[in-house]
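Data block below; observations after.
The values are calculated or read from the model by the stated rules, or taken from the named source; none is laboratory data. Bear in mind the structure is a predicted one, so any value in this text is a computation, not a measurement. Positions of Cβ are backbone-derived with ideal geometry, glycine not excepted, and every protein chain shown enters the neighbour counts. Please note that ligands, DNA and RNA were not included when accessible areas were found on the heavy atoms of the full protein model with its side chains. Shrake-Rupley method; radii C 1.70, N 1.55, O 1.52, S 1.80 Å.
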Amino acid sequence: MSGAAGGLFISLEGIDGAGKSTQSRLLAAHLRGLGRDVIETREPGGAAGAEDIRKLLVEGDPDRWSPETEILLFSAARRDHLERTIAPALARGAVVICDRFADSTRVYQGAARGDLRDLVDDIHARVIGVEPDLTLILDMEPAVALARGLARQSGEDRFEDMGLPFQERLRSGFQALARDFPDRCAMVDANQASEAIAQDIARIVEARL
Ligand code: TMP
């Protein structure tokens, strides 16, 4: 999505509680310090309609939706986010830092919730059709990440409530994804202090600017 538009599309991925939002904020500050126009955004959400859909997805009972229904809801939110936030920012040449994008659907719904990767890929090809230029996968010990995520008591724990074995499947899913897309994805060791993680990320991103 960068190409002629001149922007740079970066996504952060990983299991729940891996520290993506902190790292997204630190990366944005670092790039602004280098004089770049940066927007920070997130999924599900990042546009008014997509934020409404977010509430349906992250709150309530784990059984509230089937994985198939989730794929449709996440894709609807993503399309709105892409049209209203991501595409316009890239068109004006900004760096877009997105806390989760389509890889989360590939891993959460396509691999960990069910064996639905073909459905995820079909819908992605038809209604989204865009990949980040760079995806940073924050790899972290699931037990530590889950404890941290649940300690926040954010009221958005529907996926955390699926338990530790689910988070372990997610971690393997993200590791497999990094092997499938080696040019786009970079693994980051998130079992470190947040400043050390931020330095690793800054190094990887600066090599792509
Ligand atoms: P967040 O807590 O990182 O903001 O993300 C909300 C939750 O939604 C998180 O548990 C991961 C999950 N999720 C999916 O299951 N599929 C997706 O496509 C996305 C974007 C998020």
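Below is a table of values for the structure above.
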{"quantity": "Filter result (at negative phi, over 16 Å from the mean Cα position of the chain (by Cα), loosely packed, with under 14 Cβ neighbours inside 10 Å and more than 11 Å from the ligand (Cβ to nearest atom)) within region 149-188", "calculated": "A151, L164, P165, R179, D180, P182, D183"}
{"quantity": "Helices (runs of 4 or more DSSP H) wholly inside region 126-209 containing at least 2 residues that are over 25 Å from V96 (Cβ atoms)", "calculated": "142-151, 164-180"}
{"quantity": "Given (1) within 14 Å of the ligand (Cβ to nearest atom); (2) closer than 24 Å to M140 by Cα; (3) open to solvent by 30 Å² or more (accessible area, probe 1.4 Å), number of the condition K55 does not satisfy", "calculated": "(2)"}
{"quantity": "Considering residues of region 1-25 that are surrounded by fewer than 20 Cβ atoms within 10 Å (Cβ to Cβ) and within 16 Å of the ligand (Cβ to nearest atom) only, the residue nearest to G155 (Cα to Cα)", "calculated": "S21"}
{"quantity": "For G35: the one exception among (1) touching a residue at least 60 places away in the same chain (Cβ under 8 Å); (2) surrounded by fewer than 18 Cβ atoms within 10 Å (Cβ to Cβ)", "calculated": "(1)"}
{"quantity": "Hits in region 122-141 - residues which are without any contact (Cβ under 8 Å) to a residue 40 or more places away in the chain and either among the hydrophobic types (A, V, I, L, M, F, W, C) or touching an Asp or Glu at 6+ places or on another chain (Cβ under 9 Å) (or both)", "calculated": "A125"}
{"quantity": "Matching residues, region 156-193, being of a type in the set (D, E, K, R), touching a Leu at 6+ places or on another chain (Cβ under 8 Å) and within 14 Å of I137 (Cβ to Cβ)", "calculated": "R184"}
{"quantity": "Region 87-104 - residue that is buried (at least 17 other Cβ atoms within 10 Å of the Cβ) and closer than 9 Å to G7 by Cβ and, of those, nearest to the chain's Cα centre (by Cα)", "calculated": "V96"}
{"quantity": "Test: residue in region 83-97 that is within 11 Å of the ligand (Cβ to nearest atom) and within 29 Å of A198 (Cβ to Cβ)", "calculated": "no"}
{"quantity": "Extreme residue, farthest from the ligand (Cβ to nearest atom), among residues of region 62-71 that are within 19 Å of I15 (Cα to Cα) and open to solvent by 10 Å² or more (accessible area, probe 1.4 Å)", "calculated": "P62"}
{"quantity": "Residues within region 38-50 that are within 11 Å of the ligand (Cβ to nearest atom) and open to solvent by 40 Å² or more (accessible area, probe 1.4 Å), tallied", "calculated": "1"}
{"quantity": "Conditions (1) in a helix (DSSP H, G or I); (2) open to solvent by 40 Å² or more (accessible area, probe 1.4 Å); (3) more than 9 Å from the ligand (Cβ to nearest atom); (4) in contact (Cβ under 8 Å) with a residue 60 or more places away in the chain; number of the one not met by L119", "calculated": "(4)"}
{"quantity": "Long-range neighbours under 9 Å by Cβ, at least six apart or interchain, first residue on the phi > 0 side of the Ramachandran plot and of a type outside the set (A, V, I, L, M) within region 91-109, second in a helix (DSSP H, G or I) and more than 7 Å from the ligand (Cβ to nearest atom)", "calculated": "G93/A5"}
